[in-house]
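Peer 1: Take a look at this one; I'll ask things after.
The values are calculated or read from the model by the stated rules, or taken from the named source; none is laboratory data. These numbers were taken from a predicted model, which means no experiment stands behind them. Heads up, the Cβs are rebuilt from the backbone with ideal geometry, glycines too, and the neighbour counts pull from every protein chain shown. Remember, those area values only see protein heavy atoms, side chains included, never the ligands or the DNA or RNA. Shrake-Rupley method; radii C 1.70, N 1.55, O 1.52, S 1.80 Å.
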Amino acid sequence: MLATLPGLTENDNLPLINARPARITAPSENFKHMSQLKKSFHIKSRDFIRAGEASINIQNLLKSMDFDPSLIRRVAICGYESEMNVVMHGGDGTLSIEVDSDRLILEITDDGPGIEDIDLAMQAGYSTANDDHREMGFGAGMGLPNMKKNSDRIQVDSKKDDGTLVRMIFFIPEKGETD
Amino acid sequence: MKLSEIVDALDATLLIGEDKLDKSITRCGASDLMSDVLAAVSEDCVLLTGLTTVQVIRTAIVAGVGAVVFVRKKKPPQEVIDMAKDQGIPLISSPYSMFVSCGRLHACNLTGLDGKR
Ligand SMILES: Nc1ncnc2c1ncn2[C@@H]1O[C@H](COP(=O)(O)OP(=O)(O)OP(=O)(O)O)[C@@H](O)[C@H]1O
Ligand SMILES: [Mg+2]
C-alpha cells in the first residue's frame with residue numbers, strides 16, 4: 001500500500017492541499033497508469049430531483065464488483081454528499097469513480113463559484129445553504145466533514161470564481177482485514 | 001424488535017414493505033437533516049422524519065437505512081413511494097408527532113443510532 005501520494009496527505013494531518021490550481025481535472029500520472037476502470041457521471045447544478053442518482057449508480061456498480069459493504073457505504077456517502085454540494089452550491093460538474101488494484105478514487109469537479117475559504121468550509125456546522133436547502137434536509141454544514149471522515153484521503157482544490165475539485169481515496173481492505 | 005411491531009407501536013400505516021415486516025430493528029434515528037443521518041451509524045435503523053422528498057429515500061439507500069417512518073400522518077408523493085419500492089425500503093406513515101412517535105419507540109426499547117437509550 002502506498003504510504004504517501006504527491007498532493008495528498010493523511011486525513012489526520014492537514015487534509016487540504018491547494019498546491020494545484022483549480023480546474024485541473026485530469027488525474028495525475030500516478031493515477032493514470034494503474035487505472036482499471038473509470039466511470040463518469042454528469043451532475044447538473046440545481047437539479048434536486050436527480051441529485052444523488054450518480055452516487056446510487058456508483059453504489060450499484062461497486063456492489064456488482066463485490067466490494068466490502070462498509071467500503072461501498074463510505075464511498076456512496078461521500079459521493080452523495082459531494083453530489084448534493086455541487087447541486088446546491090456549485091455549477092455543472094462531473095462525478096467519477098475510478099477502480100484501481102488497491103484503491104477507489106472518487107472525484108468531483110464543478111465550474112461553479114468555488115469556495116472562498118476551504119478551511120472554514122471544512123469545519124463542522126459551517127454552511128452557506130439557504131432556507132430552500134434546509135427544507136430539503138440539507139445545509140447542516142456536515143457534508144465536507146463527513147466526506148473527510150469517510151475517506152482515507154481527501155483533497156479539496158478551489159478558488160473563488162474558479163470552480164471546485166474534491167478528490168477522495170479509499171484503500172481497498174485486504175481480504176480478512178476489517179475496519 | 002420486528003418492523004411489524006414498530007408499525008403496531010405507532011398505530012401506523014405500512015405504505016410499502018410487506019415482505020420486510022419480519023426484519024429486526026434495534027436502533028432508531030429522528031432527523032430532518034440528511035447529513036446527520038449520513039454521518040451516523042444508520043445501517044439497518046429506522047429513520048423518523050418529517051420530510052417526504054426523494055432525497056430522504058436516496059439518503060436511506062446510500063446510508064443503508066432499514067425503514068423510513070414519516071411522522072404526522074405525512075404521505076410522500078407517488079414517485080417517492082415508487083423509488084422506495086424499487087429499492088426495497090419499507091415506508092411507514094405514523095399518525096403521531098415526531099415527539100410522540102419517538103417516545104413510543106423508546107418505550108419499546110429501541111436505542112438511538114449510537115446504541116444509547
Ligand atoms: N462545490 C461547491 N461549490 C461552492 N461552494 C461549496 C461547494 N461545496 C461546498 N461549498 C461550500 O462549503 C460549505 C460547507 O459545505 P458542507 O457540505 O460541509 O455543508 P453544506 O453543504 O452547507 O450542508 P450539508 O452538507 O450538511 O447539507 C457550503 O455551505 C458551501 O458554502
Ligand atoms: Mg454539503
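Peer 1: When you look at the Cβ of every residue in A:124-136, what mean number of other chain Cβ atoms sits within 10 Å?
Peer 2: The shielding value for this peptide is 1.
Peer 1: With both bridge residues required to lie in chain B, what share of the DSSP beta bridges run antiparallel, to the nearest 5%?
Peer 2: Antiparallel bridges make up about 25 percent of those DSSP assigns within chain B.
Peer 1: On to the next question. Work out from phi, with θ = phi - 60° and the Karplus expression 6.51 cos²θ - 1.76 cosθ + 1.60, the ³J(HN,Hα) of each residue of segment B:5-11, listed in order in whole Hz, and give x for Gly and Pro.
Peer 2: Each residue's phi maps through the Karplus curve to give 6, 5, 4, 5, 4, 9, 6 Hz.
Peer 1: Here's a follow-up. Just tell me how shielded B:35-48 is by partners: mean number of partner chain Cβ atoms within 10 Å of each residue's Cβ, no decimals.
Peer 2: For peptide B:35-48, the averaged partner shielding equals 4.
Peer 1: In addition: Run through every distinct alpha carbon pair of segment A:36-171 and return the Kirkwood hydrodynamic radius in angstroms, one decimal place.
Peer 2: 14.8
Peer 1: Please report, to one decimal in angstroms, the Kirkwood hydrodynamic radius of chain B built from all distinct Cα-Cα pairs.
Peer 2: So the Kirkwood estimate lands at 13.5 Å.
Peer 1: Let me ask something else. Do any trypsin sites (Lys or Arg not before Pro) in segment B:1-75 lie in a DSSP loop with no more than 15 other beta carbon atoms within 10 Å, and if so, which?
Peer 2: Hits after loop and neighbour filter: B:ARG72, B:LYS73, B:LYS74.
Peer 1: If ligands, DNA and RNA are left out, what is the accessible area of B:ASP86 with a 1.4 Å probe, given in Å² to the nearest 10?
Peer 2: 130
Peer 1: So, one more: Under 5 Å between amide H atoms, partner at least 5 residues away or on a different chain: which partners does A:ASP152 have, H built in plane at 1.01 Å?
Peer 2: Result for A:ASP152 returns A:ILE169, A:PHE170, A:PHE171.
Peer 1: Another one. Pop out the ³J(HN,Hα) list for segment A:68-85 in order, Karplus 6.51 cos²θ - 1.76 cosθ + 1.60 with θ = phi - 60°, rounded to Hz; leave Gly and Pro as x.
Peer 2: Ordered by residue, 3J(HN,Hα) equals 4, x, 6, 5, 4, 4, 4, 5, 5, 4, 5, x, 5, 4, 6, 5, 4, 4 Hz.
Peer 1: Which cross-chain or sequence-distant (5 or more) residues have an amide H under 5 Å from the amide H of A:ILE43, H modelled 1.01 Å from N in plane?
Peer 2: Correct list: A:GLY93, A:THR94, A:LEU95.
Peer 1: Once phi is turned into ³J(HN,Hα) by the Karplus curve 6.51 cos²θ - 1.76 cosθ + 1.60 with θ = phi - 60°, what whole-Hz value does each residue of segment A:115-122 show in order, with x for glycine and proline?
Peer 2: These are the phi-based 3J(HN,Hα) values: 10, 6, 10, 5, 4, 5, 4, 6 Hz.
Peer 1: For q = 0.15, 0.16 Å⁻¹, what log10 I(q)/I(0) does the protein assembly as shown give under the Debye formula with an equal point scatterer on each alpha carbon and no solvent?
Peer 2: Summing over Cα pairs of the protein assembly as shown leads to -1.14, -1.26.
Peer 1: Same structure again: In the protein assembly as shown, what % of DSSP beta bridges are antiparallel (nearest 5)?
Peer 2: DSSP beta bridges in the protein assembly as shown are roughly 75 percent antiparallel.
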